[in-house]
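A short worksheet on the structure shown next.
The values are calculated or read from the model by the stated rules, or taken from the named source; none is laboratory data. Computed from a predicted structure; not experimentally measured. What goes into the accessible areas is simple: the full protein's heavy atoms, side chains included, and nothing from ligands, DNA or RNA. Shrake-Rupley method; radii C 1.70, N 1.55, O 1.52, S 1.80 Å.
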Amino acid sequence: MSSTVEVTFESAREAIGVKAKEANRVRQELQAAASVLEDLTQRKERAEARLADLWLSASDLRAKATDARLDLQLAAHSAAYFSDCLKRAEQQLDTLPSALRTAGTQSR
């Protein structure tokens, strides 16, 4: 019986050693997985922060584009107004010689 107990004890010790090695391997795999998960979490957080920055930049660009469009519309209206003013001034200049001649004959 003593040899049976020794064999059983030895088998149990070997089984415990195998299980301990397996437990260590699983622990190492879990630590590696936790490290990968932490890295992915940090990448996700950085990506979210970058996305927020890009969203703000896009909003800023949209606002600037709207401002530029309004500036262009104002410039177009101003150009049309000044063009009309120039045409009226040219018309007045065209009529100036005859008005001067008329004024000259009236003063005589």
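Overview of results
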| item | result |
| --- | --- |
| Unmet requirement for Arg62, which otherwise passes all of (1) open to solvent by less than 100 Å² (accessible area, probe 1.4 Å); (2) under 15 Å from the mean Cα position of the chain (by Cα) | (1) |
| Criterion (among the small types (Gly, Ala, Ser), modelled with pLDDT under 90 and open to solvent by less than 80 Å² (accessible area, probe 1.4 Å)) met by exactly one of Ser83, Ser11, Ser57, Ser107 | Ser11 |
| So Gln91, is it open to solvent by 60 Å² or more (accessible area, probe 1.4 Å), at pLDDT 95 or above and of a type in the set (S, T, N, Q) | no |
